[in-house]
Amino acid sequence: MSEKTYFVTGGGTGGHIYPAVAVADELLKKGEKVFYVGNPKNLEYNIVSQKDYEFLPINVHGMPRKLAISLVKWGFQLLFAVVKSIYYILKYKPDAVFGTGGYVSAPAMIAAKILGKPYMMHDCDAQPGLVTRYLAPYARAVSVEFESAKKFIKNKNIYVNGNPIRPAFKTLTKTEARKNMCLEDKLTLCIMGGSQGARTINDASVVLLKKLSKEKDVQIIFQTGKKNFERVIEQIIRIYPEYEADKNILIRPYFEDMVTVLKASDIAISRAGSLSLSEIEAAGLASILVPYPHAAADHQRKNAKYMSENGASLYLEDSQADEKHLEELLNLLINDNEKLTSLQNNALKLAKYDGVEKIVEQLDEITGK
């Protein structure tokens with residue numbers, strides 16, 4: 001069987017990038033040729049530059065929400081990105097295009113539509129975004145995380161695959177993960193707000209670091225987000241100037257390898273983006289979820305409610321995510337091992353590990369070869 005060529009596209013945030021990368025990695029493993037279409041100024045470039053497939057740059061940003069000159073500029077930017085994507089398709093002749101929704105994936109999929117090239121989409125939210133809703137009717141297949149997403153999409157070939165997550169979630173053990181991060185084998189907390197960070201979570205957590213380490217002997221992995229790193233460091237220096245000598249505390253703006261971070265952890269404090277939840281489930285973590293209150297269609301709140309209703313997480317509104325409330329919930333998990341284990345087991349029950357394999361099979365089918 002001859003080698004196939006695929007374009008994979010998605011970017012801007014980890015929720016769009018990591019599912020795309022997981023699919024690209026699996027295609028490469030199967031011996032296919034892969035090109036990744038993305039914005040070189042975004043996070044996807046840093047991640048893909050370490051991979052064995054070529055990055056094809058396009059310049060595109062999110063659509064401005066107000067009618068202004070910026071909207072006209074954005075329209076021309078999108079047009080140029082589509083034209084560049086058409087050029088890439090004509091040059092490299094992919095058998096199919098796979099996109100994970102969001103503005104970065106739009107140009108390549110629009111180009112595929114114009115040229116009659118088959119494309120497939122994946123959307124991770126309970127209520128799919130604008131790009132997915134607009135382009136899904138012309139896709140050969142659409143993959144979703146939630147059954148409830150199907151009612152928003154006009155397409156006959158919709159598959160509830162779950163989010164494509166990296167294979168290491170199935171194979172990496174907690175012991176190996178902790179060893180890889182030079183951590184001790186004890187209760188470990190991961191604090192994260194997604195790839196962009198979350199100021200509310202950061203501000204409430206930073207006040208608790210010293211107490212968690214010194215009084216509870218909890219090991220803490222803290223991903224601040226690149227934009228918030230300096231602010232967090234300034235805060236912790238005021239509160240706990242000796243923090244750098246504390247082996248229980250590991251603070252970074254961003255971790256490239258979140259599989260190892262999550263598998264090394266027991267508890268997560270997190271926003272409620274769909275991919276984050278899929279990875280929390282796959283790692284079997286107890287979680288405290290603080291949904292971003294301004295997410296499109298309020299999807300993070302819906303995601304977090306789904307987890308808490310299934311006994312897989314504790315729920316905390318962003319408006320209540322202060323030091324007092326966060327400490328109360330953490331103490332509940334740290335001091336009650338039965339509660340901690342129950343949340344972890346319920347998270348594992350919700351995990352879907354085969355999303356990548358299913359998507360790759362469906363991509364193979366839509367090429368018609």
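The values are calculated or read from the model by the stated rules, or taken from the named source; none is laboratory data. Worth saying up front: this structure is predicted, and the values here are computed from it rather than measured. All Cβ positions, even for glycine, are placed from backbone atoms using ideal geometry, and neighbour counts span all protein chains on display.
One line per residue, one yes/no per condition, for (1) in contact with a Pro (Cβ under 6 Å, 6 or more places away or on another chain); (2) within 17 Å of Thr100 (Cβ to Cβ):
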site: Pro19; (1), (2): yes, yes
site: Leu27; (1), (2): no, yes
site: Lys30; (1), (2): no, no
site: Pro40; (1), (2): yes, no
site: Ile58; (1), (2): yes, yes
site: Lys73; (1), (2): no, no
**Asked** If you take the residues in region 46-58 that are modelled with pLDDT under 95 and over 22 Å from Ser143 (Cβ atoms), which one is surrounded by the fewest Cβ atoms within 10 Å (Cβ to Cβ)?
**Response** Gln50
**Complete:** From the option list Asn228, Asn161, single residue qualifying as touching a helix residue (DSSP H, G or I) at 6+ places or on another chain (Cβ under 8 Å), farther than 18 Å from Ile334 by Cβ and not assigned by TED's automatic domain parsing to the domain that holds Ser274 is Asn161
**Request:** Give the residues of region 178-198 that are closer than 30 Å to Ser143 by Cα and aliphatic (A, V, I, L, M), sorted by residue number.
**Result:** Ile191, Met192, Ala198
**Prompt:** Does region 108-120 contain any residue that is closer than 18 Å to Tyr18 by Cα and surrounded by fewer than 24 Cβ atoms within 10 Å (Cβ to Cβ)?
**Reply:** no
**Message:** Here is a check on your reading of the model: is Val97 assigned to a strand (DSSP E or B), among the aliphatic types (A, V, I, L, M) and touching a residue at least 60 places away in the same chain (Cβ under 8 Å)?
**Reply:** yes
**Request:** Might you let me know whether region 309-323 holds any residue that is among the aliphatic types (A, V, I, L, M), assigned to a helix (DSSP H, G or I) and at pLDDT 95 or above?
**Result:** no
**Request:** Please name all residue pairs, on different chains or six or more residues apart, with Cβ atoms under 6 Å, provided the first residue is in region 209-229 and is surrounded by fewer than 21 Cβ atoms within 10 Å (Cβ to Cβ) and the second residue is hydroxyl-bearing (Ser, Thr, Tyr).
**Result:** Lys210/Tyr240; Lys226/Tyr254
**Message:** For region 136-148, check the following and say yes or no: at least one residue is free of Cβ contacts under 8 Å to residues at least 12 places away in the same chain and either surrounded by fewer than 22 Cβ atoms within 10 Å (Cβ to Cβ) or touching a helix residue (DSSP H, G or I) at 6+ places or on another chain (Cβ under 6 Å) (or both).
**Reply:** no
**Fill in**
The residue that is surrounded by the fewest Cβ atoms within 10 Å (Cβ to Cβ), considering only those in region 342-369 that are small (Gly, Ala, Ser) and either at pLDDT 95 or above or under 19 Å from Leu275 (Cβ atoms) (or both), is Ser342
**Prompt:** Would you pick out the residues in region 54-79 that are touching a residue at least 40 places away in the same chain (Cβ under 8 Å) and not β-branched (Val, Ile, Thr)?
**Reply:** Leu56, His61, Gly62, Met63
**Asked** How many residues are more than 30 Å from Ser49 (Cα to Cα), in contact (Cβ under 8 Å) with a residue 60 or more places away in the chain and in a helix (DSSP H, G or I) if we restrict to region 230-265?
**Response** 0
**Item:** Checking Ile165 against (1) within 22 Å of Lys302 (Cα to Cα); (2) assigned to a helix (DSSP H, G or I); (3) of a type in the set (Val, Ile, Thr), the condition it does not meet
**Value:** (2)
